[in-house]
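Trainee: So that we are looking at the same thing, I have put the structure below in structure tokens.
The values are calculated or read from the model by the stated rules, or taken from the named source; none is laboratory data. The structure displayed is predicted, hence computed values, not measured ones. Backbone-built Cβ (ideal geometry, glycine too); neighbour counts: all protein chains shown. Areas reflect the complete protein model, heavy atoms only, side chains present, ligands, DNA and RNA absent. Shrake-Rupley method; radii C 1.70, N 1.55, O 1.52, S 1.80 Å.
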Amino acid sequence: MVPLLAPLFDRNRKTRSSSPLQKKALFTLLFCGIIAIFLVASFPVSTLETQISFGNLGFQHNLEEQPRITNNNVSYPRLHDSSHTQTTITQHEAQIFYDQMRTLSENKTIFHYEDDFVERNNWKEMDRLLKFFSVAKEQATSIKPKVILAPWHWMPCSWNPDCTPGEAVWMKSLLEIMKQHDIFLFYANWSTFRRDWTLLGNNLVTHVWAGDNQVLWCFNDREGCIQSPVNPHGVPPHKLFAFTFWGAPPGRDSWGMSPTRPWKFNPLGSEWSLVPYEMPEGHFHLGYHYQRCSSLPIVPTQHRKDRIVVLSKKSHYFYEWPVFDPKTFFTELRRKTGMDLVTTAELTNGYPIPPGLTSLGEIPAEDYDLLLSESKAVLGIGRPILSPTPYASMCRGVPVIMPYVSRQDDGRTCTAAPSPSDWCGFDIMFHQHGPAGRVGEPYVYMVDALGANATAIDTILRAVSTPIGQYMPPEMMYGAVEQRLLDFFSIDWEAYASEKQSSGLAPETLEIENWQHTWIQGNRDSERPDLD
């Protein structure tokens, strides 16, 4: 107690009159206390936040319940301390996890693959997880790490820097973000998935990212895969996600007999389908950012070659869905534009490179980046669909021309820039790249395949003569993709599944459809149907 105020609070002292200085101090103290009480009472409760950092995930605990998470027009409950899903671990639990992972590492009882490259990447993730638990076991409480077990068959390719299909480009960008946060991913090929799931355990694995076909196989296997009364230690349905580049479009030929109505891989709903673009029916939009934009400096338009890159992975693409007549169009385009037309399409038997095109053959990714950056434009021919190449072009200041079909013989129609809620933007009969079409000019030019050649050539001429700067759609920027990924791991998927089932939006008994059972009978040991 400071000497000046001590006499005022000393109950044992004899009563005597206070000095003027002491009276002034008491008045000042009381006045300050009244002001403080007034400020607290009038301060908005919603701004009184206690921010607690859990690892690198940046979760916040507020005095008021945090708002729900929204993705692709679907609202999800957020994980919090009172959730059924465990969000934190104690020091004792961290020690148990640490001992478990250390035993698996020392005995090498997990991750046995013929591919040493895959094993090495899994063990790198295990080292990262062990370091996490080595810190957590010294703390009272820690955030529970997000651990993904991924039997998705594109996973090994995604770890390979020389592997560049769209599926791998998508995953590579997510892996980059995961390394900045307490998110860990292990690959388990389908033949060892059940073993690896059992060894890691339901208590540790928070999410399973499987191929779309693997989700069907798992739900079909109630004794060895999905959690059920006869398999209580199987994969809980709310943890099983279809990691699918294509989504679940109605009537997709690659599934043989998929219905023309909406359908899903996980019976809980399309929200359990993770996709690279915003798709209809509430598919969860993770998205990706194109990582190689900074691999080369931007070439000014005036220094680029008079060249158009014609996008095609394989030479039969020019003939199987001929948006442009392969016998005449490219020769005419070359003559009217004066541009060199090049392609890196792989030559397939019986399908020669069309006249008017110069074939460069297959080239390394670095050389392809250079080819794009030094060209005036990229021209699509209808396939491959949903390729990352349009974004690789735009981010280097190179415009893109994409074809679409405005009307089918059966009367169905589609616009040049279809809404994300319209499947025609992902239907090969209408669009090569609906999401890119929504970007619009001067970055992406759309050409109706039903129009005249002259109209298409005029559009191409307009594209090559209109300089653009670097561009990337806002939803594909690193920060936007990172936020959606962190949102995904902040969702209480168990609670959301319960919400859907209790409201009748998902069945109580989770069964795949009859046509999916039929598909499984003919595809028990195969991987996803080839969409090339």
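Trainee: State the Cα centre-to-centre distance between region 124-174 and region 322-349 in whole Å.
Mentor: Rounded to whole Å, the Cα centres lie 42 Å apart.
Trainee: What are the ³J(HN,Hα) values, in whole Hz, obtained from phi via the Karplus relation 6.51 cos²θ - 1.76 cosθ + 1.60 with θ = phi - 60°, for each residue of region 154-170 in sequence order, with x given for Gly and Pro?
Mentor: Going residue by residue, I get 8, 5, x, 4, 5, 7, 8, x, 8, 9, 10, x, x, 4, 6, 4, 4 Hz, with x marking Gly and Pro.
Trainee: Would you mind telling me the share, in percent, of accessible area of region 367-453 contributed by carbon and sulfur at probe 1.4 angstrom?
Mentor: 49 percent
Trainee: Note down the relative contact order for region 387-465 as a percent, whole number, built from C-alpha pairs under 8 angstrom at least six residues apart.
Mentor: Reported as a whole number, the value is 33 percent.
Trainee: Sort 407-414, 261-268, 195-202 by the packing proxy (mean of other Cβ within 10 Å over each peptide's residues), most packed first.
Mentor: Highest to lowest by the protection proxy: 261-268, 195-202, 407-414.
Trainee: Let me ask you something else. Give me the accessible area per residue for region 150-308, probe 1.4 Å, as a whole number in Å².
Mentor: 34 Å²
Trainee: Another question about this same structure. What does the charge add up to near S490, with Lys and Arg as +1, Asp and Glu as -1, over the other residues with Cβ less than 11 Å from its Cβ?
Mentor: +2
Trainee: Okay, moving on. If I model a spin label at H303 and I96 as a point 7 Å from the Cα along the Cα→Cβ vector, what separation in nanometres do I get?
Mentor: Here the modelled spin labels are 6.2 nm apart.
Trainee: How many percent of the accessible area of region 95-204 is carbon or sulfur, using a 1.4 Å probe?
Mentor: 49 percent
Trainee: Name the residues of region 135-160 whose amide N is less than 20 Å from a point 7 angstrom out from the Cα of D116 along the C-beta direction?
Mentor: 156-160
Trainee: Here's something else I'd like to know. Between E362 and T509, what FRET efficiency follows from the Cβ-Cβ distance if R0 is 51 Å, with the result rounded to 0.05?
Mentor: Plugging the Cβ-Cβ distance into 1/(1 + (r/R0)^6) gives 0.55.
Trainee: Please work out the C-alpha center-to-center distance from region 248-306 to region 398-426 and express it in whole Å.
Mentor: Using only Cα atoms, the two centres lie 15 Å from each other.
Trainee: Computed FRET efficiency, Cβ-Cβ of D487 and A140, R0 22 Å: what is it to the nearest 0.05?
Mentor: For D487 and A140, the calculated efficiency is 0.20.
Trainee: Continuing with this model, one more query. First compute the accessible area of region 239-311 with a 1.4 Å probe, then give the percent of it belonging to carbon and sulfur atoms.
Mentor: About 50 percent, which is the carbon plus sulfur part of the accessible surface.
Trainee: Give the ranking of E511, E176 by solvent-accessible surface, highest area first, calculated with a 1.4 Å probe.
Mentor: E511, E176
Trainee: With a 1.4 Å probe and all protein chains in place, put L450, L149, L510, L296 in order of accessible area, largest first.
Mentor: L450, L296, L510, L149
Trainee: Classify region 113-214 from the C-alpha gyration tensor, please: rounded if a/c falls under 1.5, else prolate or oblate depending on whether a/b exceeds b/c.
Mentor: In terms of gyration-tensor shape, prolate.
Trainee: Heavy atoms of the protein only, probe of 1.4 Å, neighbouring chains included. What is the accessible area of R484 in Å², nearest 10?
Mentor: Accessible surface of R484 is approximately 30 Å².
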